[in-house]
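A.B. asks: What follows is a structure written as structure tokens; I'll ask about it next.
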Amino acid sequence: MGMFLGVYNPNMTEGSRIALPKKHREQLGSGGVVLSQGFEKCVLVYDKNDWLTAAQKQIDNSSDQIKVRDLERYLYSFATEAFIDAQGRLVIPMALKDYAGIKNKIAVVGVGDHVEIWDAQIWKDYSADISKKLAV
């Protein structure tokens, strides 16, 4: 499992491709990744080998059986496997791009055990809100 840190702002190219930061690519390895809807307006990126563990952790933390089933549906039905190409680029599927409101400017955010891809403006607003909440 990698340790993903920092915020990067790569450009999105034609075909919804983004070049992941080298540090993130190296930690994600060559076995592929899983992309899914985040709980906020972002796209989750997990190493394929870490995805099931992370998803199961979310499910195990819920005590309500209806919530467990809803979490399973949310996490698995919106997930898709992807690969990082030889140039270090990743294609974001249109459904996930639309969900996250991603335009051309993006923020790639390291969040410990995974990476999140945000529209740059949505991330800027969200991170400012986090700062306000934590400053209290």
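A.B. asks: Please work out which one of (1) touching an Asp or Glu at 6+ places or on another chain (Cβ under 6 Å); (2) closer than 27 Å to SER127 by Cβ is the condition PHE78 fails and give its number.
C.D. replies: (1)
A.B. asks: Every residue in segment 93-123 that is basic (Lys, Arg) and either touching a Gly at 6+ places or on another chain (Cβ under 9 Å) or exposed (fewer than 14 other Cβ atoms within 10 Å of the Cβ) (or both), please. Give the derivation first.
C.D. replies: Quick first cut of segment 93-123, residues basic (Lys, Arg) only: 97, 103, 105.
Correct list: LYS103 only.
A.B. asks: Please note which helices (runs of 4 or more DSSP H) are completely contained in segment 22-136 and include at least 3 residues that are touching a residue at least 24 places away in the same chain (Cβ under 8 Å) and aliphatic (A, V, I, L, M). Lay out the reasoning, then the answer.
C.D. replies: Numbers: elements: 22-28, 48-60, 65-77, 94-100, 120-135.
Helices (runs of 4 or more DSSP H) meeting the threshold: 94-100.
A.B. asks: Same structure again: Taking segment 8-22 on its own, how many of its residues are surrounded by fewer than 16 Cβ atoms within 10 Å (Cβ to Cβ) and either out of contact with any strand residue (DSSP E or B) (no Cβ under 8 Å at 6 or more places or on another chain) or among the aliphatic types (A, V, I, L, M) (or both)?
C.D. replies: 2
A.B. asks: Scan segment 1-11 for residues that are at pLDDT 90 or above and part of a strand (DSSP E or B) and jot them down.
C.D. replies: PHE4, VAL7, TYR8
Residues are listed down the side, and each one gets a yes or a no for (1) more than 22 Å from VAL33 (Cβ to Cβ); (2) over 16 Å from the mean Cα position of the chain (by Cα):
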position: ASP85; (1), (2): no, yes
position: VAL108; (1), (2): no, no
position: HIS114; (1), (2): no, no
position: ASP129; (1), (2): yes, yes
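A.B. asks: Could you tell me whether any residue of segment 26-34 is at pLDDT 85 or above and out of contact with any helix residue (DSSP H, G or I) (no Cβ under 9 Å at 6 or more places or on another chain)?
C.D. replies: So in segment 26-34, the residues at pLDDT 85 or above come out as 26-28, 32-34.
Going one step further and asking which of them are out of contact with any helix residue (DSSP H, G or I) (no Cβ under 9 Å at 6 or more places or on another chain), we end up with 26-27.
Yes, some residue in segment 26-34 is at pLDDT 85 or above and out of contact with any helix residue (DSSP H, G or I) (no Cβ under 9 Å at 6 or more places or on another chain).
A.B. asks: Which residues, taken from segment 42-75, are of a type outside the set (Asp, Glu), over 15 Å from LEU20 (Cβ atoms) and touching a helix residue (DSSP H, G or I) at 6+ places or on another chain (Cβ under 7 Å)? Working first, answer last.
C.D. replies: Pass one, segment 42-75, residues of a type outside the set (Asp, Glu): 42-46, 48-49, 51-59, 61-63, 65-69, 71, 73-75.
Filter once more, keeping what is over 15 Å from LEU20 (Cβ atoms): 49, 51-59, 61-63, 65-69, 71, 73-75.
Hits for segment 42-75 are ALA55, GLN58, ILE59, SER62, VAL68, LEU71, LEU75.
A.B. asks: Run down LEU71, LEU90 and say which single residue is under 26 Å from ILE122 (Cβ atoms) and at pLDDT 85 or above. Before you say what the answer is, go through the steps one by one.
C.D. replies: Values: LEU71 fails: at pLDDT 85 or above.
Exactly one residue qualifies, and that residue is LEU90.
A.B. asks: Next question. Every residue in segment 74-130 that is among the charged types (D, E, K, R), under 25 Å from ILE59 (Cβ atoms) and touching a Lys or Arg at 6+ places or on another chain (Cβ under 8 Å), please.
C.D. replies: Narrowing segment 74-130 to residues among the charged types (D, E, K, R): 81, 85, 89, 97-98, 103, 105, 113, 116, 119, 124-125, 129.
Imposing the further condition that a residue be under 25 Å from ILE59 (Cβ atoms) reduces the set to 81, 113, 116.
Within segment 74-130, just GLU81 meets the criteria.
The values are calculated or read from the model by the stated rules, or taken from the named source; none is laboratory data. This one's a predicted model, so the numbers in the text were calculated from it and none came from an experiment. Please note: Cβ atoms are built from the backbone with ideal geometry, for glycine as well, and neighbour counts cover all protein chains shown.
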